[in-house]
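Step one of this worksheet: look at the structure below.
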């Protein structure tokens, strides 16, 4: 059955929200690496930026307690999965190779589609399966453009990136399952979970408070306002109101934005493989759109 006009209108804002958040996160490597170069370590960045936003949002979440206090397991899952997904994303971009770690992180759509089928019972149509293969093939080409992909053992940043993708997929599924929990509460869970887990990481790594200048703290405040608040809230809103598999595919645009922005900022034109990978990912989004219309 074809989608009705009302359905098309109702999904437009969530789709735009996901694309907006993808644009922000595709550019997030730039401020994070500048802050790291100024002496702000990844766990500290995550703890202060996400913790500040989470504390500001906490009163709103507490006012909504009647809508979430009877779902403690989903709340705990969003706290842990959303928190680690955010914390590890920040850490991986400050200690690893941006393109390689983004690729490993973007195995997340595969986990989301499989998890949606296993835990939410969502149908994986042939078109959506094709779109997923196209998107991941495009991601492979983008990373392959930087040189041969090493067959050596995964490094610590690689493992962090993989764990971030798995955590992101788990949080995506939990947010979709918890339809009665307000977006603000889901958002607050991720923020406070990130701050708590980042603080534990600082203790485990024996990292003290960063000794940086006032401009660096202001830069972290700007990251908290634009990326942590706006980016995370729009991601939570979009993934709550879209099918998990579709949201995961739309979020793949972050990879293209990350590569293109890195090329422009570093004055390096995309290679043929990078361009081909980007076209595959865009093609995957088009295939997914046709599948949504046919659903």
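The values are calculated or read from the model by the stated rules, or taken from the named source; none is laboratory data. Note that the structure is a prediction, hence the values are computed from the model and not measured. Methodologically, a virtual Cβ is constructed for each residue, glycine included, from the backbone with ideal geometry; neighbour enumeration extends over all protein chains shown.
Below are the figures for this structure:
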read-out: The stretch 140-155 - residue that is within 21 Å of residue 260 (Cα to Cα) and modelled with pLDDT of 75 or more and, of those, surrounded by the most Cβ atoms within 10 Å (Cβ to Cβ); value: 141
read-out: Residue 286 being in a helix (DSSP H, G or I), within 20 Å of residue 20 (Cβ to Cβ) and at pLDDT 70 or above; value: no
read-out: Spans of helices (runs of 4 or more DSSP H) in the stretch 160-264 with at least 3 residues crowded, with 24+ Cβ neighbours inside 10 Å; value: 183-204, 232-240, 244-250
read-out: Hits in the stretch 102-126 - residues which are assigned to a loop (DSSP other than H, G, I, E, B) and within 16 Å of residue 168 (Cα to Cα); value: 106, 107
read-out: Selected residue (only one of 28, 65, 22 is touching a residue at least 12 places away in the same chain (Cβ under 8 Å) and more than 22 Å from residue 156 (Cβ to Cβ)); value: 22
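Residues checked against (1) farther than 18 Å from residue 83 by Cα; (2) at pLDDT below 90:
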| residue | (1), (2) |
| --- | --- |
| 157 | no, yes |
| 165 | no, yes |
| 175 | no, yes |
| 184 | no, yes |
| 189 | no, no |
| 208 | yes, yes |
